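Engineer: Got a structure here, written out as C-alpha cells. Questions coming.
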Amino acid sequence: MADIPKIPLIGQKIASARKSRHLSQEELAFQVKISAKTLSRIENDLIYPQTDILYLICKILEITPNYLLDFDADDKNQKIVLLNQIIENAKEIQKSL
C-alpha cells in the first residue's frame, strides 16, 4: 500500500472545528456513522479518515478539505502529489475488499 505523507494537525483541525460547533465526539461520530473511538483516533492523528468520511466531516462541520489538508494556494504540485497518493491508496483498499 502506498504511504500517504503525514498531514500535520488534520485531526486537531477537525477537533477544533467540532468544538467550535459545540459538538461532542459522540455527536459528530453518530452523524458521520462511525464510532466515537474512530473519531478520537482521527482527531489524535492516529488514523486518517477515508474519503467518504472526510467528506461528511467537512460537510457537517462546514469546513473545506483544503482547510483540513492545509493546502497553500500556490503549492499545486503538493496538491497533485498528495491527491494522487490518496487515489492510489483508495484503489488498493478497494482491491482488498
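Engineer: Using the 10 angstrom Cβ neighbour count as an exposure proxy, how do LEU46, LEU28, LEU54 rank, fewest first?
Structural biologist: LEU46, LEU54, LEU28
Engineer: How large are Rg and Dmax for segment 10-96 when only the alpha carbon atoms are used, in Å?
Structural biologist: 13.5, 38
Engineer: Ok, one more. Go through LYS13/LYS91; LYS13/LYS33; LYS13/LYS37 and tell me which ones have a Cα-Cα distance over 23 Å in this structure.
Structural biologist: LYS13/LYS91
Engineer: State, to one decimal in nm, how far the label point of THR38 lies from the label point of GLU88, with both points 7 Å from Cα in the Cβ direction.
Structural biologist: Modelled inter-label distance: 2.6 nm.
Engineer: Please give the length that would be gained between GLN31 and ASP70 if that part of the chain were fully extended, namely 0.36 nm times their separation in residues minus their C-alpha to C-alpha distance (nm, one decimal).
Structural biologist: 11.6 nm
Engineer: As a footprinting exposure proxy, order LYS19, LYS33 by other Cβ within 10 Å, with the fewest listed first.
Structural biologist: Sorted ascending by nearby Cβ count, the order is LYS33, LYS19.
Here, each number is a calculation from the coordinates, and none is a lab measurement. The structure displayed is predicted, hence computed values, not measured ones. Cβ: placed from backbone, ideal geometry, glycine included. Neighbour counts: every protein chain shown.
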